[in-house]
Structure formats: C-alpha cells, structure tokens
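Values quoted throughout were computed directly from the atomic coordinates according to the rules given, and no laboratory measurement underlies them. Just so we're clear, the structure is a prediction, and the values are computed from it rather than from any experiment. Positions of Cβ are generated from backbone atoms using ideal geometry, with glycine treated the same way; all protein chains shown enter the neighbour counts.
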Amino acid sequence: MASRVHQAEKAFLILGAVILVAFLFALFFASLAMGINLPGKVERGIIDPSAVRTTAPFDEPGVRPNDEGGYDAVHRGEMWRFVPAEIVVPVGEEITFIATSPDVIHGFHVADTRINMMLIPGQIARNTYTFREPGRYQMICHEYCGPAHHTMFGEIMVVTADEFAARETGEPVDAAAPAGEEAP
Ligand code: CUA
C-alpha cells in the first residue's frame, strides 16, 4: 500500500515538472522565437511622453504610404481629441495604425472593426487593418481620460482607390461617387 502511494506521488511530481517545463518553453518560444512581447517593449519603442508632439512620426501625424506597400495612419490621442480627428484611407489596402499619447491613457477603438488599442503615454501602439467596405467609421476613445472624455472621437473615411488617388492629386472627386462619401 505504502509503495503505491509513493508511486502516485512520484507520478504527480513528474507530471508537475513536465507541465512546468512545457509552460516555460512556451513562454520563451513566444517571446524569443515569435517575438510576442508586452506593448511598447523592444522594437515597438518607447518615447518620452513630453516629447511626443516633437518626435517623428507624431510631430506630423496623418496618412502616408509605407514601405510595405500599404499606408501608415499616425495619430496622437491627447486630451481630448485625436490628431488628426479625420482621415481618409483607401479601401482594400493594409492600413497600419500607429498611435501614442502625450498625456494620459486614452483608448483607440474603430467601430465595427477589430482595431482596439490602449494608448499609454509614450508607448507606441500599432495595429494593421484592411477595410473591406467604403464608408465612414467612428474612431472612439474608450478609456476614461478626464472630464471631456465623451467628446473624444474622430472619423475614418474609407474611399475607393480612384477617389483616394483623386484626392491625392487634388483632382475633383467623381460626381458619380455615392452620396455621403464625399468630402464636406
Ligand atoms: Cu481620451 Cu477618453
């Protein structure tokens, strides 16, 4: 009897050790091989929150083509607005949202999409998304950030490739474009 208890104890100890090693392996594998880290660490970057407004790319936020063939959409989330509050991006292209805060923690959520970031002062948040439908998408701060938190929102206008190109070159937008998607 005593030896059976001993055997069971030994088995549980071995099982516990194996699980521990497996979890440690998974942790190191995710961190080192897959590059999964906490936001703001390693290549994502941390900047001094007080220098956000004067540090590239946050000194000139907005939409611009990136090296991956898509577009970067750079934003500052600050008390109590998004800068810029309104952007225009083309449908079907990969948009990399890059944002941070110079003051307090803000949220960056785009309604009807999976874009949902926390803007921690000085930590650069990044997320990519490809819009499949043209239209207007609300950008919402969903972290309480002070008395005017509820006024902190913006808009993303997703337009066709043709309309986007026309805007870039300053050409008048095609009159046949569906109503409600033209610039005010
Ligand atoms: Cu910014 Cu709530």
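Miscellaneous remarks
- Dipole of segment 95-178 [Lys/Arg +1, Asp/Glu -1 at C-beta], most positive-end residue of Phe153, Ser101, Gly170: Ser101
- Across the chain, Cα-Cα distances exceeding 30 Å account for 37% of all pairs.
- Selected from Ala161, Ala26, Ala51 as most flexible by GNM, with the chain as the system and alpha-carbon contacts under 10 Å: Ala26
- Put a plus charge on the Cβ of each Lys and Arg, a minus charge on the Cβ of each Asp and Glu, and nothing anywhere else: the dipole of the chain about its Cα centre is then about 1280 debye.
- The antiparallel fraction among DSSP beta bridges confined to segment 62-156 stands at about 70%.
- Exposed-loop-free span, longest in the chain, where trypsin sites (Lys or Arg not before Pro) count as exposed if DSSP calls them loop and at most 15 other C-beta atoms lie within 10 Å: 42-113
- Between Ala11 and Asn66, the modelled label-to-label distance comes to 5.2 nm, taking each label 7 Å out from Cα in the direction of the beta carbon.
- Extension gain, Val18 to Ala111, is 29.1 nm, computed as 0.36 nm per intervening residue step minus the present C-alpha separation.
- Of the GluC sites (Glu not before Pro) in segment 23-104, the ones in a loop by DSSP (not H, G, I, E or B) with at most 10 other beta carbons within 10 Å are Glu68.
- When peptides 105-113, 16-24 are sorted by average Cβ neighbour count within 10 Å, with the highest value leading, the order is 105-113, 16-24.
- With the Kirkwood sum run over all distinct C-alpha pairs, segment 20-101 has a hydrodynamic radius of 15.0 Å.
- DSSP beta bridge pairing in the chain, given as percent antiparallel to the nearest 5: 70 percent
- Difference of contour (0.36 nm per residue) and Cα-Cα distance, Ala165 to Glu133: 9.8 nm
- Thr55 versus Met79: modelled label distance in nm, points set 7 Å from Cα along the beta carbon direction: 2.0 nm
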